[in-house]
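No lab work stands behind these numbers, since they all come straight from the coordinates. Values in this document were obtained by computation on a predicted structure and should not be read as measured data. Note that we place each Cβ from the backbone using ideal geometry, even for glycine, and neighbour counts take in every protein chain shown.
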Amino acid sequence: MKKPLTTACVLACLAVQPGFAAPAAQPPHPAEATAPYDGELVRLAEILGSLHYLRNVCGAHEGQKWRNQMQDLIDAEQLDGERKRKVVASFNRGYRVFQQTYRTCTPAADIAIRRYLDEGAKISRDITARYAN
């Protein structure tokens with residue numbers, strides 16, 4: 001079994017290697033298997049995408065911080081294939097939804113940021129508590 005997700009570290013600050021094709025008789029590569037927390041991981045990715053857009057609009061001057069956190073998450077989970085596609089699509093969806101809604105920072109955007117920071121931290125704690133060794 002692969003190492004558990006360390007999303008608490010990812011949000012606290014809050015390369016997939018080519019492989020050999022496995023013969024048909026062998027089980028799929030662990031990165032291709034699903035994890036019981038994949039739904040939460042997809043939600044966390046959407047939150048990171050939303051924060052990537054909203055924090056910039058609200059003048060946080062964090063650069064690529066949230067995108068980098070997303071990449072750290074992908075690397076920590078060794079995501080590949082369909083799992084990676086879902087997580088990346090979720091990050092992009094979170095970004096685009098707010099990009100279409102907010103051109104400037106508003107009180108509602110500030111509230112969304114606070115709520116997403118809280119929700120992301122909760123998801124991270126829950127995943128870590130439930131699945132960490």
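Things to note:
- Note, ³J(HN,Hα) from phi for region 56-72, Karplus 6.51, -1.76, 1.60, rounded to Hz, x at Gly and Pro: 5, 4, 8, x, 6, 6, 9, x, 9, 3, 6, 5, 5, 5, 5, 5, 4
- Close amide-amide hydrogen proximity is noted between Thr106 and no other residue 5 or more places distant or on a separate chain, at a cut-off under 5 Å (H modeled in the peptide plane; Pro and chain starts excluded).
- Each residue of region 81-88 is assigned a 3J(HN,Hα), and the resulting list reads x, 5, 4, 5, 4, 5, 5, 5 Hz, derived from the Karplus form 6.51 cos²θ - 1.76 cosθ + 1.60 (θ = phi - 60°), x at Gly and Pro.
- Pairwise FRET efficiency - Ala89 versus Ala60, Cβ, R0 = 35 Å, nearest 0.05: 0.90
- Pair Arg43, Tyr102: separation of 7 Å Cα→Cβ label points (nm): 2.0 nm
- Phi-based couplings in Hz for region 110-122 (Karplus 6.51, -1.76, 1.60; Gly and Pro marked x): 4, 5, 4, 4, 4, 5, 5, 4, 5, 5, x, 5, 5
- Whether region 55-99 is rounded, prolate or oblate, judged on the alpha carbon gyration tensor where a/c under 1.5 counts as rounded: oblate
- Extension gain for Ala76-Arg130 works out to 17.8 nm (0.36 nm per residue, less the C-alpha to C-alpha distance).
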